[in-house]
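J.: Below: one structure in structure tokens.
The values are calculated or read from the model by the stated rules, or taken from the named source; none is laboratory data. Here the structure is a predicted model, which is why all the values come from computation and not from measurement. Quick reminder, even Gly has a Cβ in these numbers, built from the backbone with ideal geometry, and neighbours come from all protein chains shown. Note: areas computed on protein heavy atoms with side chains; ligands, DNA, RNA excluded. Shrake-Rupley method; radii C 1.70, N 1.55, O 1.52, S 1.80 Å.
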Amino acid sequence: MKIITNNKSFLTYKKVPVEYVDGSYLDVFIKVRDYVHKNHKLITHPLYGNIPPTTTFFRTLVIEEGDHLDFQSLELIENSISKVERIIKKDKAKEITEAIEKDLAFIDYTLISETLDNIIL
């Protein structure tokens with residue numbers, strides 16, 4: 001299992017390996033798609049939390065190495081990339097204060113770390 005994220009809150013996370021992406025929400029999806037093409041499977045849904053990419057900067061996904069191309073993961077990440085691209089083209093990114101940015105990073109961290117706590121048990 002591995003975390004792919006652009007949320008620096010995960011840099012000190014120790015329960016599973018973390019790969020930090022110095023980029024956008026969409027950059028995380030593209031990195032995950034690259035892993036899916038290399039036989040990794042999505043463990044968490046790319047669009048969890050129902051927070052649009054124009055409202056938050058952070059996205060964290062959990063993947064797991066497999067032994068074959070997981071077509072369900074491939075379809076899910078490709079559809080998610082398409083949806084995010086449509087939203088980004090249609091909606092203008094919101095102005096976010098530093099305090100709100102910290103809150104959004106905390107929400108992303110909490111959603112994923114609590115999910116992992118339930119999976120790893």
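J.: Identify the single condition in (1) surrounded by 12 or more Cβ atoms within 10 Å (Cβ to Cβ); (2) more than 15 Å from residue 47 (Cβ to Cβ) that residue 87 does not satisfy, given that it satisfies every other one.
T.: For residue 87, the exception is condition (2).
J.: Another question, if that's okay. Using beta carbons and a limit of 6 Å, which pairs, at least six apart or on different chains, have the first residue in the range 89-112 and in contact (Cβ under 8 Å) with a residue 24 or more places away in the chain and the second one assigned to a helix (DSSP H, G or I) and among the small types (Gly, Ala, Ser)?
T.: Cβ pairs passing all conditions: 105/9; 109/9; 111/49.
J.: I'm trying to understand the selection: among the residues of the range 52-70, which are open to solvent by 40 Å² or more (accessible area, probe 1.4 Å) and β-branched (Val, Ile, Thr)?
T.: Matches in the range 52-70: 55 only.
J.: Here's a follow-up. In this structure, is residue 73 out of contact with any Gly (no Cβ under 9 Å at 6 or more places or on another chain) and either of a type in the set (S, T, N, Q) or open to solvent by less than 20 Å² (accessible area, probe 1.4 Å) (or both)?
T.: no
J.: Sticking with this structure for a sec: Out of the range 1-57, which residues are more than 15 Å from residue 81 (Cα to Cα) and without any contact (Cβ under 8 Å) to a residue 12 or more places away in the chain?
T.: 11, 12, 14, 38
J.: I'm checking my understanding of the structure. Among residues of the range 8-37 that are more than 12 Å from the chain's Cα centre (by Cα) and among the aliphatic types (A, V, I, L, M), which one is least open to solvent (accessible area, probe 1.4 Å)?
T.: Checking each candidate, the answer is 36.
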